[in-house]
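Engineer: Have a look at this one.
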Amino acid sequence: MNRLRQIRRARDISQESLAKAIGVSRQTINGIERGRIKRPSDEIMLAIANYFEMDVSDIFYTPLVQHVLQRKAIN
C-alpha cells in the first residue's frame, strides 16, 4: 500500500516525468500505484522519496518500513 498516486497528482507530476527522473519505466510507476508491484525495491522507494523530498514512510506502508518505524518508537 502507498500514497504515491495521491502525492504525485497533488504536485501535478506525470507518471512519465517521475519515471524519467528516477530512472524507471512509466509502467513501473503505474504498477506501484495500482498495487501490482506490492513491494518496490528499496532503491526505488528511496529514489521516489528523495524526488518528493519526503521520508519513505510518508509514501510507502510496507511491512519493513512499519517494522523500522516501530523499532524507532520503542527506542
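The values are calculated or read from the model by the stated rules, or taken from the named source; none is laboratory data. Since we're looking at a predicted model, the values are computed, not measured. Using ideal geometry, Cβ is built from the backbone for each residue, glycine included, and neighbour counts are taken over all protein chains shown.
Engineer: Every residue in the stretch 1-13 that is over 18 Å from Leu46 (Cβ atoms) and without any contact (Cβ under 8 Å) to a residue 12 or more places away in the chain, please.
Structural biologist: Gln6, Arg9, Ala10, Asp12
Engineer: Restricting the search to the stretch 38-53, which residues are assigned to a loop (DSSP other than H, G, I, E, B) and modelled with pLDDT of 95 or more?
Structural biologist: Filtering the stretch 38-53 down to residues assigned to a loop (DSSP other than H, G, I, E, B) leaves 38-41, 52-53.
Within the stretch 38-53, Phe52, Glu53 meet the criteria.
Engineer: Restricting attention to the stretch 24-43, which residues are among the charged types (D, E, K, R), closer than 20 Å to Asp55 by Cα and surrounded by fewer than 15 Cβ atoms within 10 Å (Cβ to Cβ)?
Structural biologist: Just the residues of the stretch 24-43 that are among the charged types (D, E, K, R), to begin with: 26, 33-34, 36, 38-39, 42-43.
Still in the running and closer than 20 Å to Asp55 by Cα: 33, 38-39, 42-43.
Scanning the stretch 24-43 gives Lys38, Arg39, Asp42, Glu43.
Engineer: Within the stretch 1-11, can you find the residues that are surrounded by 16 or more Cβ atoms within 10 Å (Cβ to Cβ), at pLDDT 95 or above and not basic (Lys, Arg)?
Structural biologist: Selection gives Leu4, Ile7.
Engineer: Can you tell me which residues in the stretch 12-23 are surrounded by 11 or more Cβ atoms within 10 Å (Cβ to Cβ) and outside any helix (DSSP H, G or I)?
Structural biologist: Ile13, Ser14
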